[in-house]
Amino acid sequence: MSFKEFKFHPKINAGIEACGYTAPTPIQKEAIPPILEGRDILGLAQTGTGKTAAFVLPLLQRLLDGPRKKVRALIVAPTRELAEQIHDDISKMGKQTGLRSISIYGGVGKQPQVRAIRNGVEIIVACPGRLLDLLNDRAFSLKAVEALVLDEADHMFDKGFLPDIRRIIKQLPTKRQSLVFSATMPREIRHLAENILTNPATVQINHTQPVLSISHVLFQVAKAQKTSLLKSIIQDENMTSTLVFTRTKHKAKSLALHLQKSGYSAASIQGNLSQQKRQQALNGFKDGTFKILVATDIAARGIDVQGISHVINYDVPDTAEAYTHRTGRTGRATRTGKAFIFADREDSKMISIIERTLGKKLQLEPTPGFAWEPQEAISKEMREARSRQMQKKKRPASPGRRRSQHSSGSGVFSLASAGRNNRSRSAQQ
Ligand code: AMP
(Lines give C-alpha, C1' and ligand atoms only; values in the text may rest on other atoms or scores of the structure.)
Protein backbone atom coordinates (compact mmCIF):
# COMPACT_ATOMS: atom_id res chain seq x y z
CA MET A 1 0.00 0.00 0.00
CA SER A 2 1.20 3.50 -0.70
CA PHE A 3 0.45 6.82 1.02
CA LYS A 4 -1.17 7.94 -2.26
CA GLU A 5 -4.26 5.92 -1.41
CA PHE A 6 -5.12 8.26 1.45
CA LYS A 7 -5.46 11.09 -1.08
CA PHE A 8 -3.71 13.62 1.13
CA HIS A 9 -3.29 17.17 -0.10
CA PRO A 10 -0.08 17.55 -2.18
CA LYS A 11 1.36 19.79 0.57
CA ILE A 12 1.00 16.93 3.02
CA ASN A 13 2.36 14.38 0.55
CA ALA A 14 5.39 16.67 0.27
CA GLY A 15 5.83 16.39 4.06
CA ILE A 16 5.59 12.59 3.94
CA GLU A 17 8.23 12.56 1.26
CA ALA A 18 10.46 14.94 3.21
CA CYS A 19 10.32 12.53 6.17
CA GLY A 20 11.41 9.72 3.85
CA TYR A 21 8.33 7.56 4.46
CA THR A 22 7.52 5.38 1.49
CA ALA A 23 4.79 3.08 2.78
CA PRO A 24 2.42 3.44 5.74
CA THR A 25 3.08 1.34 8.85
CA PRO A 26 0.27 -0.98 10.06
CA ILE A 27 -1.13 1.58 12.56
CA GLN A 28 -1.12 4.23 9.84
CA LYS A 29 -2.97 1.91 7.44
CA GLU A 30 -5.63 1.22 10.04
CA ALA A 31 -5.98 4.56 11.77
CA ILE A 32 -5.67 7.14 8.98
CA PRO A 33 -8.88 6.27 7.04
CA PRO A 34 -11.27 6.53 10.03
CA ILE A 35 -9.53 9.68 11.31
CA LEU A 36 -9.91 11.24 7.86
CA GLU A 37 -13.62 10.38 8.03
CA GLY A 38 -13.81 12.39 11.25
CA ARG A 39 -14.33 9.40 13.55
CA ASP A 40 -13.09 9.10 17.13
CA ILE A 41 -10.29 6.59 17.62
CA LEU A 42 -9.05 4.39 20.40
CA GLY A 43 -5.55 3.43 19.25
CA LEU A 44 -3.72 0.66 21.07
CA ALA A 45 -0.19 1.13 19.91
CA GLN A 46 3.16 1.66 21.49
CA THR A 47 5.85 4.14 20.56
CA GLY A 48 7.86 2.90 17.60
CA THR A 49 4.88 1.86 15.46
CA GLY A 50 4.54 5.16 13.60
CA LYS A 51 1.54 6.29 15.65
CA THR A 52 2.52 9.98 15.65
CA ALA A 53 2.22 10.24 11.87
CA ALA A 54 -0.99 8.18 12.10
CA PHE A 55 -2.71 11.08 13.86
CA VAL A 56 -0.62 14.06 12.67
CA LEU A 57 -1.16 13.50 8.93
CA PRO A 58 -4.99 13.37 8.99
CA LEU A 59 -5.05 16.27 11.48
CA LEU A 60 -3.01 18.39 9.09
CA GLN A 61 -5.41 17.45 6.31
CA ARG A 62 -8.35 18.54 8.46
CA LEU A 63 -6.76 21.85 9.46
CA LEU A 64 -5.67 22.83 5.95
CA ASP A 65 -9.16 24.16 5.32
CA GLY A 66 -10.72 26.54 7.79
CA PRO A 67 -9.59 29.50 9.86
CA ARG A 68 -5.98 30.21 10.75
CA LYS A 69 -4.51 31.72 13.92
CA LYS A 70 -6.99 29.85 16.11
CA VAL A 71 -6.11 26.88 18.32
CA ARG A 72 -7.99 24.16 16.41
CA ALA A 73 -6.15 21.02 17.53
CA LEU A 74 -4.90 20.09 20.99
CA ILE A 75 -2.48 17.22 21.53
CA VAL A 76 -1.76 16.27 25.13
CA ALA A 77 1.35 14.24 25.97
CA PRO A 78 2.70 13.06 29.34
CA THR A 79 6.31 14.27 28.99
CA ARG A 80 8.12 17.32 27.68
CA GLU A 81 10.27 15.12 25.46
CA LEU A 82 7.26 13.52 23.83
CA ALA A 83 5.58 16.93 23.40
CA GLU A 84 8.75 18.27 21.73
CA GLN A 85 8.95 15.19 19.54
CA ILE A 86 5.37 15.50 18.33
CA HIS A 87 5.86 19.22 17.70
CA ASP A 88 9.01 18.44 15.65
CA ASP A 89 7.12 15.81 13.65
CA ILE A 90 4.30 18.29 12.94
CA SER A 91 6.84 20.89 11.79
CA LYS A 92 8.44 18.37 9.43
CA MET A 93 5.28 16.79 8.05
CA GLY A 94 3.40 20.08 7.88
CA LYS A 95 6.21 22.24 6.56
CA GLN A 96 4.41 23.08 3.30
CA THR A 97 1.02 23.59 4.89
CA GLY A 98 1.81 26.82 6.72
CA LEU A 99 0.07 25.41 9.81
CA ARG A 100 1.86 26.27 13.03
CA SER A 101 2.24 24.30 16.22
CA ILE A 102 3.77 25.05 19.58
CA SER A 103 4.83 22.76 22.42
CA ILE A 104 4.09 23.89 25.94
CA TYR A 105 5.35 22.35 29.17
CA GLY A 106 6.62 23.38 32.59
CA GLY A 107 10.19 24.05 33.64
CA VAL A 108 10.59 26.94 31.20
CA GLY A 109 9.12 30.48 31.18
CA LYS A 110 5.40 30.88 30.55
CA GLN A 111 5.53 34.21 28.73
CA PRO A 112 7.23 33.11 25.48
CA GLN A 113 4.66 30.30 25.22
CA VAL A 114 1.75 32.67 25.78
CA ARG A 115 3.17 35.18 23.27
CA ALA A 116 3.61 32.47 20.62
CA ILE A 117 0.04 31.26 21.09
CA ARG A 118 -1.33 34.78 20.88
CA ASN A 119 0.71 35.41 17.72
CA GLY A 120 -1.30 32.64 16.14
CA VAL A 121 -0.97 28.85 16.17
CA GLU A 122 -3.38 26.21 14.99
CA ILE A 123 -1.97 23.27 16.99
CA ILE A 124 -0.90 23.09 20.62
CA VAL A 125 1.11 20.11 21.87
CA ALA A 126 1.03 20.29 25.65
CA CYS A 127 1.87 18.57 28.89
CA PRO A 128 -1.18 18.66 31.18
CA GLY A 129 0.27 20.63 34.12
CA ARG A 130 1.47 23.70 32.22
CA LEU A 131 -1.57 23.68 29.94
CA LEU A 132 -3.89 23.80 32.92
CA ASP A 133 -1.76 26.46 34.51
CA LEU A 134 -2.06 28.70 31.43
CA LEU A 135 -5.78 27.99 31.14
CA ASN A 136 -6.22 29.01 34.78
CA ASP A 137 -4.35 32.23 33.96
CA ARG A 138 -6.85 32.71 31.12
CA ALA A 139 -3.87 33.11 28.82
CA PHE A 140 -5.86 31.76 25.86
CA SER A 141 -9.00 29.82 25.10
CA LEU A 142 -9.62 26.36 23.72
CA LYS A 143 -13.09 27.22 22.44
CA ALA A 144 -12.12 26.73 18.79
CA VAL A 145 -10.62 23.25 19.27
CA GLU A 146 -11.99 20.79 16.73
CA ALA A 147 -9.74 17.85 17.49
CA LEU A 148 -8.19 16.45 20.65
CA VAL A 149 -5.43 13.82 20.85
CA LEU A 150 -4.38 12.16 24.10
CA ASP A 151 -1.08 10.42 23.46
CA GLU A 152 0.40 7.74 25.74
CA ALA A 153 -2.71 7.85 27.88
CA ASP A 154 -1.44 5.01 30.06
CA HIS A 155 1.55 7.13 31.06
CA MET A 156 -0.73 10.04 31.88
CA PHE A 157 -2.46 7.70 34.26
CA ASP A 158 0.87 6.42 35.72
CA LYS A 159 1.92 9.99 36.35
CA GLY A 160 -1.36 10.92 38.05
CA PHE A 161 -2.45 13.29 35.27
CA LEU A 162 -5.98 11.97 34.74
CA PRO A 163 -7.68 14.58 37.00
CA ASP A 164 -5.84 17.33 35.04
CA ILE A 165 -6.94 15.75 31.78
CA ARG A 166 -10.56 15.80 32.90
CA ARG A 167 -10.28 19.48 33.84
CA ILE A 168 -8.75 20.29 30.45
CA ILE A 169 -11.45 18.40 28.58
CA LYS A 170 -14.14 20.44 30.38
CA GLN A 171 -12.76 23.52 28.63
CA LEU A 172 -13.13 22.01 25.15
CA PRO A 173 -16.18 22.23 22.92
CA THR A 174 -18.24 19.04 23.24
CA LYS A 175 -18.51 18.81 19.47
CA ARG A 176 -15.03 17.69 18.44
CA GLN A 177 -13.07 14.71 17.15
CA SER A 178 -11.18 12.84 19.89
CA LEU A 179 -8.32 10.39 19.50
CA VAL A 180 -6.86 8.42 22.40
CA PHE A 181 -3.62 6.45 22.03
CA SER A 182 -2.28 4.11 24.66
CA ALA A 183 0.16 1.18 24.67
CA THR A 184 -1.84 -0.60 27.34
CA MET A 185 -5.44 -0.39 28.46
CA PRO A 186 -5.76 -0.31 32.25
CA ARG A 187 -9.31 0.01 33.62
CA GLU A 188 -8.89 3.74 34.29
CA ILE A 189 -7.93 4.46 30.67
CA ARG A 190 -10.86 2.42 29.43
CA HIS A 191 -13.17 4.53 31.63
CA LEU A 192 -11.61 7.75 30.41
CA ALA A 193 -11.91 6.60 26.79
CA GLU A 194 -15.56 5.66 27.30
CA ASN A 195 -16.23 9.13 28.71
CA ILE A 196 -14.59 11.15 26.00
CA LEU A 197 -14.93 9.07 22.82
CA THR A 198 -18.12 8.76 20.78
CA ASN A 199 -18.58 5.54 18.84
CA PRO A 200 -14.81 5.15 18.39
CA ALA A 201 -13.05 2.94 15.87
CA THR A 202 -10.61 0.75 17.79
CA VAL A 203 -7.24 0.26 16.17
CA GLN A 204 -4.92 -2.22 17.79
CA ILE A 205 -1.35 -2.90 16.81
CA ASN A 206 0.73 -5.41 18.72
CA HIS A 207 0.01 -3.64 21.92
CA THR A 208 1.57 -6.24 24.14
CA GLN A 209 4.13 -7.39 21.63
CA PRO A 210 7.46 -5.68 21.57
CA VAL A 211 8.62 -4.44 18.17
CA LEU A 212 9.35 -7.47 16.01
CA SER A 213 12.63 -6.42 14.48
CA ILE A 214 14.48 -6.57 17.79
CA SER A 215 16.63 -9.40 19.09
CA HIS A 216 16.37 -9.86 22.86
CA VAL A 217 19.45 -11.13 24.67
CA LEU A 218 19.82 -12.07 28.33
CA PHE A 219 23.08 -11.69 30.24
CA GLN A 220 23.18 -13.34 33.64
CA VAL A 221 25.41 -11.11 35.69
CA ALA A 222 26.10 -10.43 39.34
CA LYS A 223 24.85 -6.97 40.33
CA ALA A 224 28.29 -5.63 41.11
CA GLN A 225 29.65 -6.79 37.77
CA LYS A 226 27.10 -4.99 35.61
CA THR A 227 29.24 -1.94 34.91
CA SER A 228 32.25 -4.06 33.90
CA LEU A 229 30.04 -6.18 31.66
CA LEU A 230 28.53 -3.05 30.14
CA LYS A 231 31.95 -1.68 29.31
CA SER A 232 33.10 -4.94 27.81
CA ILE A 233 29.95 -5.16 25.67
CA ILE A 234 30.34 -1.56 24.50
CA GLN A 235 33.83 -2.44 23.30
CA ASP A 236 32.79 -5.63 21.54
CA GLU A 237 29.51 -4.69 19.96
CA ASN A 238 29.09 -2.42 17.03
CA MET A 239 27.10 0.20 18.91
CA THR A 240 26.20 3.35 17.08
CA SER A 241 23.77 4.68 19.62
CA THR A 242 22.94 3.02 22.92
CA LEU A 243 20.20 3.76 25.41
CA VAL A 244 20.91 2.32 28.87
CA PHE A 245 18.12 2.02 31.43
CA THR A 246 18.66 2.14 35.17
CA ARG A 247 16.06 1.89 37.90
CA THR A 248 17.03 5.05 39.79
CA LYS A 249 17.90 8.63 38.88
CA HIS A 250 20.97 8.41 41.07
CA LYS A 251 22.25 5.35 39.22
CA ALA A 252 21.59 6.95 35.81
CA LYS A 253 23.69 9.92 36.83
CA SER A 254 26.53 7.99 38.48
CA LEU A 255 26.74 5.42 35.68
CA ALA A 256 26.95 8.12 33.00
CA LEU A 257 29.67 9.89 34.99
CA HIS A 258 31.58 6.64 35.41
CA LEU A 259 31.39 5.95 31.67
CA GLN A 260 32.55 9.49 30.91
CA LYS A 261 35.51 9.08 33.24
CA SER A 262 36.33 5.80 31.50
CA GLY A 263 36.52 7.65 28.18
CA TYR A 264 33.08 6.94 26.69
CA SER A 265 30.88 9.65 25.21
CA ALA A 266 27.94 9.29 27.58
CA ALA A 267 25.26 11.49 29.11
CA SER A 268 22.34 10.88 31.42
CA ILE A 269 18.75 11.99 31.32
CA GLN A 270 16.81 11.77 34.55
CA GLY A 271 14.18 13.70 36.45
CA ASN A 272 16.60 15.72 38.57
CA LEU A 273 18.02 17.56 35.57
CA SER A 274 16.81 21.02 34.58
CA GLN A 275 14.83 21.17 31.36
CA GLN A 276 17.80 22.82 29.65
CA LYS A 277 20.18 20.04 30.70
CA ARG A 278 17.73 17.32 29.64
CA GLN A 279 17.36 18.92 26.24
CA GLN A 280 21.14 19.27 25.90
CA ALA A 281 21.63 15.59 26.72
CA LEU A 282 18.88 14.57 24.32
CA ASN A 283 20.14 16.79 21.50
CA GLY A 284 23.68 15.48 22.03
CA PHE A 285 22.40 11.93 21.80
CA LYS A 286 20.37 12.72 18.69
CA ASP A 287 23.24 14.38 16.85
CA GLY A 288 25.73 11.67 17.84
CA THR A 289 27.82 13.76 20.27
CA PHE A 290 26.91 11.18 22.92
CA LYS A 291 26.95 7.56 21.85
CA ILE A 292 25.44 6.42 25.14
CA LEU A 293 22.47 7.88 26.97
CA VAL A 294 21.71 6.53 30.43
CA ALA A 295 18.09 7.09 31.39
CA THR A 296 15.35 6.22 33.83
CA ASP A 297 12.02 4.97 32.52
CA ILE A 298 10.16 8.19 33.24
CA ALA A 299 12.81 10.42 31.68
CA ALA A 300 12.98 8.26 28.54
CA ARG A 301 9.27 8.21 27.76
CA GLY A 302 8.52 9.31 24.28
CA ILE A 303 12.16 9.75 23.32
CA ASP A 304 12.33 9.26 19.58
CA VAL A 305 15.86 9.08 18.31
CA GLN A 306 16.54 7.64 14.91
CA GLY A 307 18.87 4.69 14.68
CA ILE A 308 19.22 3.56 18.30
CA SER A 309 21.20 0.37 17.79
CA HIS A 310 21.03 -1.01 21.33
CA VAL A 311 18.81 -0.74 24.35
CA ILE A 312 20.50 -2.06 27.47
CA ASN A 313 18.40 -2.92 30.48
CA TYR A 314 21.17 -2.35 33.02
CA ASP A 315 18.49 -2.88 35.66
CA VAL A 316 15.54 -5.08 34.81
CA PRO A 317 12.32 -3.08 34.46
CA ASP A 318 9.54 -3.33 37.04
CA THR A 319 6.91 -4.50 34.57
CA ALA A 320 6.71 -6.25 31.22
CA GLU A 321 5.07 -3.11 29.82
CA ALA A 322 8.08 -1.05 30.84
CA TYR A 323 10.27 -3.58 29.00
CA THR A 324 8.15 -3.18 25.88
CA HIS A 325 8.43 0.59 26.11
CA ARG A 326 12.16 0.54 26.72
CA THR A 327 12.91 -1.82 23.87
CA GLY A 328 10.47 -0.01 21.56
CA ARG A 329 13.17 2.68 21.34
CA THR A 330 15.21 0.47 19.07
CA GLY A 331 14.10 -1.43 15.99
CA ARG A 332 11.66 1.40 15.27
CA ALA A 333 9.62 1.28 12.10
CA THR A 334 11.82 -0.53 9.61
CA ARG A 335 15.11 -0.64 11.50
CA THR A 336 16.50 -3.58 13.44
CA GLY A 337 17.91 -3.34 16.91
CA LYS A 338 19.21 -5.27 19.88
CA ALA A 339 17.83 -5.29 23.38
CA PHE A 340 20.11 -6.57 26.14
CA ILE A 341 18.95 -7.33 29.61
CA PHE A 342 21.27 -7.69 32.58
CA ALA A 343 19.77 -9.96 35.20
CA ASP A 344 20.85 -11.17 38.57
CA ARG A 345 19.55 -14.30 40.26
CA GLU A 346 16.93 -12.18 42.05
CA ASP A 347 15.49 -11.00 38.72
CA SER A 348 14.45 -14.44 37.52
CA LYS A 349 10.72 -13.83 38.17
CA MET A 350 10.65 -10.69 36.01
CA ILE A 351 12.64 -12.50 33.31
CA SER A 352 9.93 -15.19 33.14
CA ILE A 353 7.25 -12.51 32.89
CA ILE A 354 9.12 -10.78 30.05
CA GLU A 355 9.57 -14.11 28.26
CA ARG A 356 5.82 -14.75 28.54
CA THR A 357 5.13 -11.32 27.03
CA LEU A 358 7.58 -11.95 24.20
CA GLY A 359 6.15 -15.43 23.68
CA LYS A 360 9.64 -16.88 23.59
CA LYS A 361 12.75 -17.48 25.68
CA LEU A 362 15.33 -14.72 25.76
CA GLN A 363 18.51 -15.65 23.96
CA LEU A 364 21.03 -16.44 26.71
CA GLU A 365 24.48 -15.00 26.15
CA PRO A 366 27.37 -16.54 28.12
CA THR A 367 29.03 -14.08 30.51
CA PRO A 368 32.35 -15.66 31.46
CA GLY A 369 33.86 -13.80 34.37
CA PHE A 370 30.69 -11.87 35.15
CA ALA A 371 27.98 -14.37 35.88
CA TRP A 372 26.39 -15.26 39.15
CA GLU A 373 26.93 -18.95 39.75
CA PRO A 374 24.10 -21.32 40.52
CA GLN A 375 25.05 -23.23 43.69
CA GLU A 376 25.33 -26.57 41.89
CA ALA A 377 27.77 -25.09 39.40
CA ILE A 378 30.36 -24.22 42.04
CA SER A 379 33.60 -25.79 40.94
CA LYS A 380 35.80 -28.14 42.94
CA GLU A 381 38.39 -25.39 43.40
CA MET A 382 35.78 -23.05 44.78
CA ARG A 383 34.55 -25.68 47.21
CA GLU A 384 38.13 -26.22 48.37
CA ALA A 385 38.71 -22.49 48.73
CA ARG A 386 35.53 -22.22 50.73
CA SER A 387 36.50 -25.10 52.98
CA ARG A 388 39.94 -23.46 53.58
CA GLN A 389 38.10 -20.29 54.55
CA MET A 390 35.87 -22.16 56.97
CA GLN A 391 38.91 -23.85 58.52
CA LYS A 392 40.51 -20.45 59.12
CA LYS A 393 37.36 -19.18 60.78
CA LYS A 394 37.31 -22.10 63.21
CA ARG A 395 40.55 -20.81 64.76
CA PRO A 396 40.21 -18.58 67.88
CA ALA A 397 39.26 -15.18 66.59
CA SER A 398 39.28 -11.56 67.58
CA PRO A 399 35.85 -9.90 68.03
CA GLY A 400 36.22 -8.33 64.59
CA ARG A 401 36.86 -11.70 63.06
CA ARG A 402 33.86 -13.22 64.79
CA ARG A 403 31.71 -10.57 63.17
CA SER A 404 32.95 -11.49 59.73
CA GLN A 405 32.34 -15.17 60.55
CA HIS A 406 28.75 -14.33 61.37
CA SER A 407 28.22 -12.26 58.25
CA SER A 408 29.36 -15.04 55.95
CA GLY A 409 26.76 -17.28 57.60
CA SER A 410 26.03 -20.17 55.33
CA GLY A 411 27.55 -17.91 52.65
CA VAL A 412 28.28 -19.76 49.48
CA PHE A 413 31.60 -18.67 48.11
CA SER A 414 30.50 -17.60 44.70
CA LEU A 415 30.94 -14.80 42.26
CA ALA A 416 27.66 -13.41 43.48
CA SER A 417 29.05 -12.81 46.95
CA ALA A 418 32.37 -11.64 45.52
CA GLY A 419 30.26 -9.26 43.46
CA ARG A 420 28.51 -7.87 46.51
CA ASN A 421 31.86 -7.01 48.02
CA ASN A 422 32.85 -5.27 44.82
CA ARG A 423 29.63 -3.35 44.84
CA SER A 424 30.19 -1.94 48.27
CA ARG A 425 33.67 -0.96 47.13
CA SER A 426 32.44 0.72 43.99
CA ALA A 427 29.64 2.44 45.91
CA GLN A 428 32.28 4.08 48.05
CA GLN A 429 34.27 5.30 45.08
P1 AMP B 1 6.37 6.83 16.48
O2 AMP B 1 5.74 5.51 16.81
O3 AMP B 1 5.38 7.81 16.01
O4 AMP B 1 7.21 7.32 17.62
O5 AMP B 1 7.35 6.59 15.23
C6 AMP B 1 8.46 5.77 15.28
C7 AMP B 1 9.45 6.07 14.20
O8 AMP B 1 8.99 5.59 12.95
C9 AMP B 1 9.76 7.54 14.01
O10 AMP B 1 11.16 7.67 13.90
C11 AMP B 1 9.10 7.90 12.70
O12 AMP B 1 9.81 8.93 12.03
C13 AMP B 1 9.17 6.59 11.94
N14 AMP B 1 8.07 6.40 10.98
C15 AMP B 1 6.78 6.77 11.12
N16 AMP B 1 6.06 6.42 10.05
C17 AMP B 1 6.91 5.81 9.19
C18 AMP B 1 6.75 5.21 7.89
N19 AMP B 1 5.58 5.18 7.28
N20 AMP B 1 7.86 4.68 7.32
C21 AMP B 1 9.05 4.71 7.96
N22 AMP B 1 9.27 5.25 9.19
C23 AMP B 1 8.21 5.80 9.79
For segment 1-83, accessible area per residue (1.4 Å probe, heavy atoms of protein chains only), Å²: 39 Å²
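Could you check how much of the accessible area of segment 214-376 is carbon and sulfur, as a whole percent, using a 1.4 Å probe?
Numbers: 3630 of 7250 Å².
C and S atoms contribute 50 percent here.
Assuming R0 = 41 Å, can you tell me the calculated FRET efficiency for the pair R356 and A116, based on Cβ-Cβ distance, to the nearest 0.05? Can you show the working numbers first?
Numbers: r = 47 Å, r/R0 = 1.14.
Once the sixth-power term is evaluated, E becomes 0.30.
When the accessible area of segment 73-112 is computed with all protein chains present and a 1.4 Å probe, what percentage of it is carbon and sulfur? Please list the in-between numbers first.
Working: 660 of 1380 Å².
Roughly 48 percent, rounded to a whole number.
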Whole-number accessible area per residue in Å² for segment 98-206, which is evaluated in the context of all protein chains at 1.4 Å: 44 Å²
Stokes-Einstein D for segment 3-205, Kirkwood Rh over Cα pairs, 37 °C, 0.692 mPa s (µm²/s): 195 µm²/s
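Per 0.36 nm of contour for each residue apart, how much would the distance between E194 and K95 grow if the chain were fully extended, relative to their Cα-Cα spacing? Could you put the intermediate results ahead of the total?
Details: separation 99, 0.36 × 99 = 35.64 nm, distance 3.43 nm.
So the chain would gain 32.2 nm between E194 and K95.
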For segment 213-328, radius of gyration divided by Kirkwood radius, i.e. Rg to Rh on alpha-carbons: 0.92
Whole-number accessible area per residue in Å² for segment 214-376, which is evaluated in the context of all protein chains at 1.4 Å: 44 Å²
Whole-number D in µm² s⁻¹ for segment 77-188, Kirkwood Cα-pair radius fed into Stokes-Einstein, 4 °C, 1.567 mPa s: 89 µm²/s
Paramagnetic reach from D65 in segment 1-33 [backbone N under 18 Å; point 7 Å along Cα→Cβ]: 6-13, 33
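The values are calculated or read from the model by the stated rules, or taken from the named source; none is laboratory data. Computed from a predicted model, the values in this text were never measured in an experiment. Here the Cβ is made from the backbone with ideal geometry for all residues, glycine too, and neighbour counts use every protein chain on show. Note: accessible area is taken over every heavy atom of the protein model, side chains too, but ligands, DNA and RNA are not part of it. Shrake-Rupley method; radii C 1.70, N 1.55, O 1.52, S 1.80 Å.
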